[in-house]
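First comes the structure, then the notes that go with it.
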Amino acid sequence: MAVEEREPVARIFTSGGNTFYIDSSNTMLPLSEKFSARLPVFTGFPSEAKVLSKADSNLLNDIKKSVSVFRQILS
């Protein structure tokens, strides 16, 4: 069995109050009770769906671009 570790790039808070991480491929990652990643936080994400619509995926792509810019500025 192969295990693939995913690295979160941002934490997202939905407008309904839920939260999750995303990785570089827009995969939604659950939170851990044992670890809190120090990442950029984005609030007001409009969707509570487990499967993202095209518009939601586009929004996550924009978030990833913002994270990339933040990292360039801070490095």
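Each reported figure results from applying straightforward, stated rules to the coordinates on display, with no laboratory input. Owing to the predicted nature of the structure, the values given are computational and were not obtained by experimental measurement. We place every Cβ from the backbone using ideal geometry, glycine too, and count neighbours over all the protein chains shown.
Couple of notes before you dig in:
- Restricting segment 17-75 to chymotrypsin sites (Phe, Trp or Tyr not before Pro) that sit in a DSSP loop and have at most 12 other Cβ atoms within 10 Å of their own Cβ leaves Phe35.
- Candidate aspartates and glutamates for bridging to Lys54, where Cα separation is under 16 Å - those fewer than 8 sequence places away on the same chain excluded: Asp62
- Cα gyration tensor, segment 1-41 - rounded (a/c under 1.5), prolate or oblate: prolate
- For Lys64, the aspartates and glutamates whose Cα falls under 17 Å of its own Cα, not counting residues fewer than eight places away in the same chain, are Glu7, Asp23, Asp56.
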